[in-house]
Every structure is written in C-alpha cells, then in structure tokens.
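Below is one structure, written out as structure tokens, with a few remarks after it.
The values are calculated or read from the model by the stated rules, or taken from the named source; none is laboratory data. Fair warning: this is a prediction, and the values are worked out from it, not measured in the lab. Every residue, glycine among them, receives a Cβ derived from its backbone with ideal geometry; neighbour counts consider all protein chains shown. In case anyone asks, the SASA skips ligands and DNA or RNA and just uses the protein heavy atoms, side chains included. Shrake-Rupley method; radii C 1.70, N 1.55, O 1.52, S 1.80 Å.
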Amino acid sequence: MYKIAILPGDGIGPEIMTEAYKILSVIQKKKKIKIYTKEFDVGGKAIDKYNTALPKNTLKGCQESDAILFGAVGGPKWNYLLPEKKPEISSLLFLRKFFNLFINLRPAKLYKNLNNLSPLKEKIIKNGFDILFIRELIGGIYFGLPKGRNNLNPENISAFDTAIYSTNEIKKISKFAFKQALKRKKKIVSIDKANVLESSILWREVVTKVSKDFPEVQLTHLYVDNAAIQLIKDPSQFDVILCPNLFGDILTDECAILTGSLGMLPSASLNKKKFGLYEPAGGSAPELQNKNLANPIAQILSLAMLFKYSFNLTNISLAIENAILLTLKQGYFTQDLSNGLNFVTTSTMGTKISENLLKIL
Ligand code: IPM
Ligand code: MN
C-alpha cells in the first residue's frame with residue numbers, strides 16, 4: 001500500500017488538487033494498487049486556523065507517508081507577516097529542508113504538435129523542446145546564513161542574504177544530474193555567474209570535477225544571464241540544465257512560460273531515499289482563486305512524477321502524461337492556454353483528462 005499526504009494549501013491549490021483526486025480515483029479503479037490518501041492543512045489556511053503554517057499534525061502526516069502531493073501556499077492575505085512567518089518560508093521551504101529534499105526536478109516540455117501554445121515564434125519553436133531542469137533546492141542564497149537586517153540607522157537600513165555553497169552540496173546535486181543525463185541525451189549545461197560570484201566559481205569547479213567520472217556526458221557551462229537569452233533564442237539546444245537554487249527558480253519560470261503557461265510546469269523535490277514533495281511550480285495564483293479557471297495540468301503532472309520517482313510506477317506515470325497530451329490534442333484548453341474565447345474550466349479539464357486516462361490505462 002502507498003501512502004500519500006495531500007496538502008492542497010492556498011489560492012488555486014485546493015481547486016487543482018480536486019482534479020488530481022479524479023486521476024487518483026481512475027488509477028485505483030483500473031489498477032490493483034492500494035493508495036491511501038490523507039489531507040492536511042498547510043500555508044495561510046493553517047495560519048488562520050492554528051496560527052502556524054505547518055501544524056504538528058501536518059508534519060507528522062508527512063513523516064508517516066511515502067510522498068507528499070502539495071498544491072500551493074501564500075497569498076496577499078498573509079503578506080503582512082514577517083518573512084520567516086510567511087507561508088512560503090515557514091511551510092514550503094521548511095518542508096524542503098526538513099526532509100532534505102535537495103533535488104528539484106522540473107521537466108519543461110513543448111510537444112511538437114502543440115508548439116502554437118508557446119509565445120515564441122514558429123521558426124524558433126518548430127522542433128519543440130524537452131528540457132529537464134535539475135535545481136539544487138536546500139542551499140545557496142535561499143538558506144545561507146547570516147541573513148537579516150541591520151537597523152542601526154533607521155534612515156538607511158541595510159538587508160543581507162548569504163549566497164553560499166559547499167563542495168559537498170555541489171557534488172551531491174551534480175552527481176545526481178550526471179546520472180540523469182546518462183538516461184537522456186548525455187548533455188548537461190551547468191548554470192552559474194562565475195564571472196562575478198565566489199560561490200559560482202566553486203560551483204563551476206566542483207561540477208567540472210564531478211564530470212570527470214562521467215566521460216560519456218558532455219558538460220558545458222553558461223552564465224545565467226546568457227542562459228536566459230539562449231532559452232528564448234533556441235530552447236531545443238538544451239537537454240539537462242543544472243542550476244543553483246536561485247538561478248533555477250528564475251530560469252524554470254522562464255521556461256514554463258515558453259511551454260505556453262506557468263500552469264504546465266510540475267516539479268518533484270526529492271531526497272536520497274526518493275521520498276518526495278510534488279508540486280506545481282506556478283504558485284498559488286490568488287487572482288484565479290475560486291473562479292474555476294486555473295490550469296490543473298501542472299498538479300496532475302506532479303502526481304505523474306510522484307508515481308515515477310517515489311513509487312517507481314513508470315507505466316502509470318507515462319499513462320497520465322499521455323492522457324494529458326491526448327486531451328490537449330483533442331482541443332481542450334484552459335483559459336491560460338487559449339485565445340481567450342474558447343476554453344474549458346478547471347473541472348472540465350480534469351474530467352477530460354481522467355476520462356482519457358480511463359481509456360489508456
Ligand atoms: C518555487 C517557488 C518557491 C521558490 C517560493 C514559493 C518560495 O517560487 O517553487 O519555484 O522560490 O522556490
Ligand atoms: Mn519559483
């Protein structure tokens with residue numbers, strides 16, 4: 001039996017999670033596997049109820065599960081809070097650190113026959129693209145200490161963060177990235193800002209050193225500013241992109257929009273034991289909340305990643321992906337993917353995908 005802790009959270013989180021449940025119920029109907037799910041409060045919703053974004057009961061539920069399916073947290077209602085109390089930091093970043101989820105996988109795919117969804121010109125996008133971002137998730141400037149404020153002169157406050165990486169942190173994520181590259185096109189581009197930052201100089205050194213153990217894999221380095229350009233100029237040149245935490249955050253959002261919408265990008269955050277937290281990369285999108293307009297695809301693809309990486313059920317994962325692809329090919333689009341005139345609701349999209357899955361499985 002597989003146990004999944006479900007944490008829908010804030011904003012569009014609960015709506016898109018409802019669609020993921022439809023997929024889970026199809027899988028249980030068609031396959032003889034037992035999946036036990038239990039839902040827990042997290043984020044702003046939990047702050048309102050219990051005065052903490054990550055109640056003890058939620059953390060315990062996650063610890064007792066094999067994987068976490070996460071929606072999104074945060075919104076304008078909780079923006080007044082101090083940074084460390086905000087839902088994003090006190091629940092999501094806390095969970096990443098607590099479970100040692102140093103690997104963040106964000107596959108960004110643009111299918112050849114759906115390339116009209118991309119904002120890029122046809123001549124650039126004609127070949128589609130299939131990029132696997134591997135983002136280091138529990139180090140760098142997000143977590144480096146010290147961070148804080150110097151309030152000595154109220155007229156001129158200063159604030160600071162520390163961009164720090166150790167050899168071991170870089171080694172761990174690089175090794176994982178090279179192993180993934182072996183299963184793909186054997187090409188890695190590593191991102192840094194080694195013309196300016198000390199932490200990036202070390203990043204480049206260590207990645208280069210790790211590459212010696214993987215002679216079949218071709219490694220190139222790109223400065224992050226150049227990478228932002230290359231992604232728009234010709235995304236098809238990339239296969240695996242390895243990034244430090246902050247650069248990975250930024251480039252994966254850029255790449256998400258190149259696939260058509262932020263609502264298309266799933267993510268898996270894993271530790272060594274393949275325990276994982278699976279979430280859409282797009283966030284809580286409070287402006288879309290309760291309108292039945294959000295795109296549930298990133299949430300459903302995150303569930304597909306859960307089956308692949310935590311449960312090792314690759315066939316189910318592939319079937320979910322194919323059901324999504326088929327639904328798009330049939331011409332069903334949510335608002336973000338449409339011309340603004342013809343589109344289906346969040347719930348219709350989820351229903352169509354689950355109907356297709358029922359046929360495929
Ligand atoms: C993401 C998000 C998070 C991040 C936020 C919500 C803390 O943007 O998963 O990309 O910056 O990592
Ligand atoms: Mn982000």
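Note on LYS171 and ASN151: their simple-model spin labels are 4.2 nm apart, each label 7 Å out from Cα toward Cβ.
Rolling a 1.4 Å probe over the protein heavy atoms of the chain, with every protein chain left in place, gives an accessible area that is 54 percent carbon and sulfur.
DSSP beta bridges confined to region 119-258 are antiparallel in about 20 percent of cases.
Checking the a/c ratio against 1.5 first, then a/b against b/c, what shape does the Cα gyration tensor give for the chain? Numbers along the way, then the final one.
Working: a/c = 1.44, a/b = 1.14, b/c = 1.26.
It is rounded, given that a/c, with a ≥ b ≥ c, falls under 1.5.
A viscosity of 1.306 mPa s and a temperature of 10 °C, combined with the Kirkwood radius over Cα pairs in Stokes-Einstein, give a translational diffusion coefficient for region 265-333 of 122 µm²/s. Note on region 263-339 and region 1-26: Cα centroid distance 11 Å, given to the nearest whole angstrom.
The HN-Hα couplings worked out from phi for region 310-320 by the Karplus form 6.51 cos²θ - 1.76 cosθ + 1.60 (θ = phi - 60°) are 8, 9, 6, 9, 4, 5, 5, 4, 5, 4, 5 Hz, whole numbers, x standing for Gly and Pro.
Pairs of alpha-carbon atoms within less than 8 angstrom and 6+ residues apart define the contacts here; what relative contact order does region 222-361 have, in percent? Don't skip to the end; give the middle numbers.
Values: 159 pairs, mean separation 26.6, N = 140.
Here the relative contact order equals 19 percent.
First check a/c for region 5-53, with a ≥ b ≥ c the square roots of the eigenvalues of its C-alpha gyration tensor; if it is under 1.5, answer rounded, and if not, answer prolate when a/b is larger than b/c or oblate otherwise. Verdict is oblate for region 5-53. Over region 119-258, the alpha carbon radius of gyration divided by the compact-protein estimate 2.2 N^0.38 Å works out to 1.17.
Average accessible surface for the chain: 46 Å² per residue, computed with a 1.4 Å probe over protein heavy atoms with every protein chain in place.
A cut-off of 5 Å between modelled amide H atoms, ignoring neighbours fewer than 5 places along the same chain, links VAL73 with ASP10, SER284.
The loop-placed trypsin sites (Lys or Arg not before Pro) in region 121-181, going by DSSP, that have at most 12 neighbouring Cβ atoms within 10 Å of their Cβ come out as LYS121, LYS126. Work from the charge dipole of region 119-258 (Cβ charges, +1 for Lys and Arg, -1 for Asp and Glu, about the Cα centre) and give the residue of ILE232, VAL206, TYR142 farthest towards its positive end. Looking along the dipole axis, the top candidate is VAL206. Remind me, relative contact order of region 119-258 in percent, using alpha carbon pairs under 8 angstrom and six or more residues apart? The normalised contact order for region 119-258 reaches 37 percent.
The relative contact order of the chain, computed from alpha carbon pairs under 8 Å that lie at least 6 residues apart in sequence, is 21 percent.
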